[in-house]
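Comments concern the structure below.
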Amino acid sequence: MQTYLVGGAVRDALLGIQGSDRDWVVVGSTPQAMVAQGFVPVGKDFPVFLHPRTKEEHALARTERKTAPGYKGFVVHASPEVTLEQDLARRDLTINAIAQDDQGQLIDPFKGQDDLRDKVFRHVSDAFNEDPVRILRLARLAARFPDFTVAPETQALMQQMVQAGEVKALVSERVWQELAKGLLSAQPSRMLQVLRDCGALAFILPEVACLYGVPQPVEHHPEIDTGIHLEMVLDQCARMNVSLEVRFAALCHDLGKGNTHPSALPRHIGHEGRSVKLLRGVCDRWRVPQGCKELAEVVAREHGHIHGCLSLSAEAVLRLLVRCDALRRPERFALALQACEADARGRLGLQDRAYPQAAHLHRMLQAALSVNTAALSDAAMKEGFKGAQVGQHIDGARVQALKAALTT
């Protein structure tokens, strides 16, 4: 039995990146022998075990044979006779097919170190086309390592996979997992670019794919193209180091611009409501977490009003805060403002401009929250107010607090 460190941990160490999760492959063993040594089996489809002390994943060396479309259409063969090189040959990219033994020696049968040096994503073998998740994985790795390029032969292979309909067999859990990792990477725009270049974006996120080539008013969007604007907004999110919820909201904030009637271009009147409808479809398709969906709806619906908040009256500000549910959920409102700031800065030549709307609305929210609603409610009911009248009394006090804040 021999154990080798494999995959991303080896790749990242060679790139000088520390702290990556470590995965191991075990050659010359059996499931029974692993259990006898205290390893805990966890793999449903593959022979994977947790180390009894470190809890790191150890997988038996294995080969795979494609039997059906999609992610799960494989027959796995694991036995003591499977060699390390056979196991590495089934991996996706050469840079992920490097192993390290317990003496620190590297085993690199597919020249992954050369591709690391040259900053190239290259598939190990034509077995790459047997798993459509690998397209997504390469795309999100491009977002993590944006200075890497896709080898021409790998680009051609991914295009063939898309044309063959392999991406239609993707399962929602894996799609969301890879999309989330890409959105949280250093340059999320690269993920969209790689998916678009091979044609996969039109199947995975058609609502995003159709934004490219759609014009916007040049006085607000010097970059003009809606798809390019979206890429810039996502990269601003990475620059601001915001959460996944904010980045997903940024991804979906302008979806409605993809189906603006030609007669309404380039103004996109009413795109906010269309964006909300479209993002709900994205969320249902890929089972997006509820927190991401809820924030995305607020941002899609209200980002225009938030951008224009500096000219709003106290009454209009209160209506905006209520529509955003900011009085009950101020933390989520703060995230919405982050997404709007990224939207404002994700424009050609405006990447470093100030966004005073965020500080303004934070101040307005604090003014509205400063109103003692419990005391006002008690006083109103003592005066004989009931139901909606009590709410109107409280809203009146909030408007007065906002008027005072607007004049200071």
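The values are calculated or read from the model by the stated rules, or taken from the named source; none is laboratory data. The structure presented is a predicted model; accordingly, all values stated were derived computationally and were not measured. We place every Cβ from the backbone using ideal geometry, glycine too, and count neighbours over all the protein chains shown.
In table form, for the structure just shown:
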{"quantity": "From the options Leu310, Leu279, Leu265, residue that is crowded, with 20+ Cβ neighbours inside 10 Å and not hydroxyl-bearing (Ser, Thr, Tyr)", "calculated": "Leu279"}
{"quantity": "Count of region 214-234 residues which are surrounded by fewer than 18 Cβ atoms within 10 Å (Cβ to Cβ) and either among the basic types (Lys, Arg) or farther than 23 Å from Pro146 by Cα (or both)", "calculated": "7"}
{"quantity": "Scope region 377-392; condition part of a helix (DSSP H, G or I) and surrounded by fewer than 18 Cβ atoms within 10 Å (Cβ to Cβ); matching residues", "calculated": "Ser377, Asp378, Ala379, Met381, Lys382, Ala388, Gln389, Gly391, Gln392"}
{"quantity": "Identity of the residue in region 91-122, basic (Lys, Arg) and more than 27 Å from the chain's Cα centre (by Cα), that ends up surrounded by the most Cβ atoms within 10 Å (Cβ to Cβ)", "calculated": "Lys111"}
{"quantity": "Within region 229-256, considering residues that are free of Cβ contacts under 8 Å to residues at least 60 places away in the same chain and aliphatic (A, V, I, L, M), the one farthest from Ala300 (Cα to Cα)", "calculated": "Ala238"}
{"quantity": "Exclusive hit being farther than 26 Å from Gln290 by Cβ, outside any helix (DSSP H, G or I) and in contact (Cβ under 8 Å) with a residue 60 or more places away in the chain, set Glu219, Glu223", "calculated": "Glu223"}
{"quantity": "So Glu331, is it out of contact with any helix residue (DSSP H, G or I) (no Cβ under 8 Å at 6 or more places or on another chain), free of Cβ contacts under 8 Å to residues at least 12 places away in the same chain, at negative phi and not assigned by TED's automatic domain parsing to the domain that holds His303", "calculated": "no"}
{"quantity": "In region 50-85, residue nearest to Arg22 (Cα to Cα) [restricted to those that are assigned to a strand (DSSP E or B), at pLDDT 75 or above and within 29 Å of the chain's Cα centre (by Cα)]", "calculated": "Glu57"}
{"quantity": "Tally, over region 351-391, of residues that are at pLDDT 85 or above and within 41 Å of the chain's Cα centre (by Cα)", "calculated": "24"}
{"quantity": "Output for region 86-108, where each listed residue is touching a His at 6+ places or on another chain (Cβ under 9 Å) and outside any loop (DSSP other than H, G, I, E, B)", "calculated": "Leu93, Thr94"}
{"quantity": "Test: residue in region 229-240 that is part of a loop (DSSP other than H, G, I, E, B) and modelled with pLDDT of 95 or more", "calculated": "no"}
{"quantity": "Residue within region 253-270 that is in a helix (DSSP H, G or I), within 18 Å of the chain's Cα centre (by Cα) and at pLDDT 95 or above present", "calculated": "yes"}
{"quantity": "Counted residues, region 352-369 - those being surrounded by fewer than 13 Cβ atoms within 10 Å (Cβ to Cβ) and part of a loop (DSSP other than H, G, I, E, B)", "calculated": "3"}
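Quick grid of which residues meet (1) at pLDDT 95 or above; (2) part of a helix (DSSP H, G or I); (3) buried (at least 19 other Cβ atoms within 10 Å of the Cβ):
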{"residue": "Val162", "(1), (2), (3)": "yes, yes, yes"}
{"residue": "Lys168", "(1), (2), (3)": "no, yes, no"}
{"residue": "Leu179", "(1), (2), (3)": "yes, yes, yes"}
{"residue": "Arg190", "(1), (2), (3)": "yes, yes, yes"}
{"residue": "Phe203", "(1), (2), (3)": "yes, yes, no"}
